[in-house]
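Worksheet: one structure, shown below.
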Amino acid sequence: MTEAIKIKVTDLSFSYRDRPILKNVNVDFAENSITALTGPSGVGKSTFLMTLNRLWENLPDADMTGTVEIKLQGRFRNVYAPTMSVTELRKMVAMVFQAPNPLPMSIRKNIAFPLKLAGEGNREFMAHKVEHALRMANLWDEVKGRLNDDARTLSGGQQQRLCIARALVLEPEVLLLDEPTSSLDQTSIAVIEELLLGLKDRLTILLVSHYLEQVSRISDTIVTFDDNTIIS
Amino acid sequence: MKKIGELVAERTFLLSALASSSITVAILAFMVFMGLPLMKQAGFYQLLVKPWAPYQGSFGIYPMIVGTGCISFLSLVVAFPLSLGCSFLIATIAPKPVSKGLRRLIELMTGIPTVIYGFVGIFLLVPYIRELFRSGSGLCVLTAALVLGIMITPTMTLFFCDSFDRIPRSYLTAAEALGASRTQKLLYVILPCAKKGMLNGVILALGRAVGDTLVALMLAGNSVRVPGSVLEPARTLTAHIALVIAADYESPEFRSIFACGVVLYLFTMMVTFLVRYLSFAEGRRD
């Protein structure tokens, strides 16, 4: 395992409606590894993920202090620097949510959506990328004949893999997953765990999970949250 | 005990439902019955396509249908971009307190009596239009359409806001997490999802524009000729009814306004059915 650092978090505190959610979090995450974030509910694990891609910024009455630096395109960059474009950041630091959230459009369009946002217009290139992303997410064989179907007709496990494929299509450097398997059955969970292990070579994965078994099965490092900060 | 109470309540509700629905049907029947002599004499279709020239014995309402069509269509053209901007500001851009305040204000605006809009139009807009184009009195299709457009904007805006609010939060979060800018979120997620609700809003606002009487009566100039441009005066069906209603009750002029009534009635009915059909289609899809 490489020990190169990918993400450096320093003195991070976060409050929502004047209630502290995170207090003085200092932590580093290694490159090309899976780090599991565990701990009881409500200790700020999901919030912590959102501080890495600035997704919390649309919440009213939320406040954050501290710094987050991520090595993007080979050099460390302060995520909250004024020169950092939030849309660019989110293209490099992708996120998958607890409940699968396909957009109300076809499977193909869902995967191509980030490409469209990035201004890509070449249809052949997009088709190629869509196939590549679906293959990475082990979903291609199941959906290749029905790419034009509404993505919401897929099963829960398939929807979640679709969301992972969609997050991967822009080739992010970091993948954040917020309890991605908590609404799925055992078979789907196994498929997704295997998928994540296969992705480790390409990117850095942070996974919030309640399942200790899952954590020990796939993670290289475990970070435990409690009492609004990291205890180990 | 409870059974009897329920039965009474059920019957009362049934009765009030029957009463209100039968009144709706009765109004149509009444208008057709009252207009029948003239419709028989001249033919309903003839009434729709002939000009209004009472001294030549022609009681056609064609100019008024054209006037209503032009003014209400133009008012939609005015109201649509205004409403889109307002609702997008309220639903996504403005900070919470501002958007709440704006929404209350717009809700308040839906309650302002039409006559106030007409008044403001006469004193502020009519002289301005007269000076600006130097053609006619300033009482014209354009003036009426502008004021009517502003009048229906609140209704349309509230409908747009509601359909934006109904978009599942997860779609918006998904788009944000994938790096969508605000504009992209609007174009690729919000508008496609809200399309049907917005169409409902447009149709209902159109219904309001067609049904409104006072704004056109006060501002459109009420000429009975078919308007040749937006700077010429015109008369709407509703204004026509209001103007002719003082005529002798047995006269064909008076009879002709029932034809106007039937046309308006059929139009609003069409609008209602269209809205029903669209909401049904939307309900079925989800």
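The residues on offer are B:THR213, B:THR157, B:THR183, B:THR143, and the sole one that is within 30 Å of A:LEU175 (Cβ to Cβ) and among the hydroxyl-bearing types (Ser, Thr, Tyr) is B:THR183. Of everything in the stretch A:218-232 that is of a type outside the set (Val, Ile, Thr) and surrounded by 15 or more Cβ atoms within 10 Å (Cβ to Cβ), the residue that is nearest to the chain's Cα centre (by Cα) is A:SER219.
Applying a threshold of 8 Å to beta carbon distances and a minimum spacing of six or more residues, or different chains, the list of pairs starting in the stretch B:5-27 at a residue that is surrounded by 10 or more Cβ atoms within 10 Å (Cβ to Cβ) and ending at one that is modelled with pLDDT under 95 and polar (S, T, N, Q) is empty. Do we find that B:LEU108 is out of contact with any His (no Cβ under 8 Å at 6 or more places or on another chain) and buried (at least 18 other Cβ atoms within 10 Å of the Cβ) in this structure? No; evaluated as a whole, the condition is false for this residue. Kindly establish whether B:PHE88 is assigned by TED's automatic domain parsing to the domain that holds B:VAL271 and within 19 Å of the chain's Cα centre (by Cα). It is false that B:PHE88 is assigned by TED's automatic domain parsing to the domain that holds B:VAL271 and within 19 Å of the chain's Cα centre (by Cα). Would you list the strands (runs of 3 or more DSSP E) that sit entirely within the stretch A:22-97 and hold 2 or more residues that are within 14 Å of chain B (Cβ to nearest Cβ)? Fully inside the stretch A:22-97 and qualifying: A:62-72, A:93-96. Residues that are over 18 Å from the mean Cα position of the chain (by Cα), hydrophobic (A, V, I, L, M, F, W, C) and within 22 Å of A:THR187 (Cα to Cα): does the stretch A:149-163 have at least one? Scanning the stretch A:149-163, I find at least one residue that is over 18 Å from the mean Cα position of the chain (by Cα), hydrophobic (A, V, I, L, M, F, W, C) and within 22 Å of A:THR187 (Cα to Cα), so the answer is yes.
Counting only helices (runs of 4 or more DSSP H) that sit completely within the stretch B:116-215, those holding 1 or more residues that are within 12 Å of another protein chain (Cβ to nearest Cβ) and in contact with a Phe, Trp or Tyr (Cβ under 6 Å, 6 or more places away or on another chain) correspond to B:191-211. Looking at B:ALA234, B:ALA239, B:ALA259, which one is crowded, with 19+ Cβ neighbours inside 10 Å, modelled with pLDDT of 85 or more, among the small types (Gly, Ala, Ser) and more than 17 Å from the chain's Cα centre (by Cα)? Among B:ALA234, B:ALA239, B:ALA259, only B:ALA234 is crowded, with 19+ Cβ neighbours inside 10 Å, modelled with pLDDT of 85 or more, among the small types (Gly, Ala, Ser) and more than 17 Å from the chain's Cα centre (by Cα). Scanning the stretch A:198-216 for residues that are closer than 14 Å to A:ILE34 by Cβ and exposed (fewer than 14 other Cβ atoms within 10 Å of the Cβ) yields a count of 3.
No other residue among A:ARG135, A:ARG166 is more than 22 Å from B:VAL189 (Cα to Cα), out of contact with any strand residue (DSSP E or B) (no Cβ under 6 Å at 6 or more places or on another chain) and of a type in the set (D, E, K, R) apart from A:ARG135. Annotation: of all residues in the stretch A:106-122 being over 17 Å from the mean Cα position of the chain (by Cα) and within 8 Å of chain B (Cβ to nearest Cβ), the one that is farthest from B:TYR188 (Cα to Cα) is A:ALA118.
Of all residue pairs spaced 6 or more apart or on separate chains, those with beta-carbon atoms under 7 Å, a first member in the stretch A:85-99 that is within 14 Å of A:GLN73 (Cα to Cα) and free of Cβ contacts under 8 Å to residues at least 60 places away in the same chain and a second member that is part of a helix (DSSP H, G or I) and of a type in the set (A, V, I, L, M) are A:ARG90/B:ALA177. Please tell me if B:LYS40 is among the charged types (D, E, K, R) and without any contact (Cβ under 8 Å) to a residue 12 or more places away in the chain. Taking the combined requirement at face value, the residue satisfies it.
Residues are listed down the side, and each one gets a yes or a no for (1) out of contact with any Leu (no Cβ under 9 Å at 6 or more places or on another chain); (2) in the same structural domain as B:GLN184 (by TED's automatic domain parsing); (3) of a type in the set (D, E, K, R); (4) within 30 Å of B:ARG255 (Cα to Cα):
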position	(1), (2), (3), (4)
B:ALA53	yes, yes, no, yes
B:GLY69	yes, yes, no, yes
B:VAL78	no, yes, no, no
B:LEU82	yes, yes, no, no
B:GLY101	yes, yes, no, no
B:MET109	yes, yes, no, no
B:VAL120	yes, yes, no, no
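On the basis of being more than 11 Å from every other protein chain (Cβ to nearest Cβ), farther than 25 Å from B:ILE190 by Cα, in contact with a strand residue (DSSP E or B) (Cβ under 9 Å, 6 or more places away or on another chain) and outside any loop (DSSP other than H, G, I, E, B), does A:PHE125 make the cut? So A:PHE125 does not fit the description; no.
Working only within the stretch A:187-217, note down all residues that are among the basic types (Lys, Arg) and more than 16 Å from the chain's Cα centre (by Cα). Across the stretch A:187-217, the qualifying residue is only A:ARG217.
Screening A:ARG75, A:ARG135 for residues that are surrounded by fewer than 15 Cβ atoms within 10 Å (Cβ to Cβ) and under 26 Å from A:ALA4 (Cα atoms) leaves exactly one candidate, A:ARG75. From the list B:ILE245, B:ILE241, the lone residue that is within 16 Å of B:TYR62 (Cα to Cα), away from chain A (no Cβ under 14 Å) and without any contact (Cβ under 8 Å) to a residue 40 or more places away in the chain is B:ILE241. Take B:VAL147 and decide whether it is touching a residue at least 12 places away in the same chain (Cβ under 8 Å), assigned by TED's automatic domain parsing to the domain that holds B:GLU232 and in contact with a Gly (Cβ under 7 Å, 6 or more places away or on another chain). Yes, satisfied.
The values are calculated or read from the model by the stated rules, or taken from the named source; none is laboratory data. Computed from a predicted structure; not experimentally measured. Please note: Cβ atoms are built from the backbone with ideal geometry, for glycine as well, and neighbour counts cover all protein chains shown.
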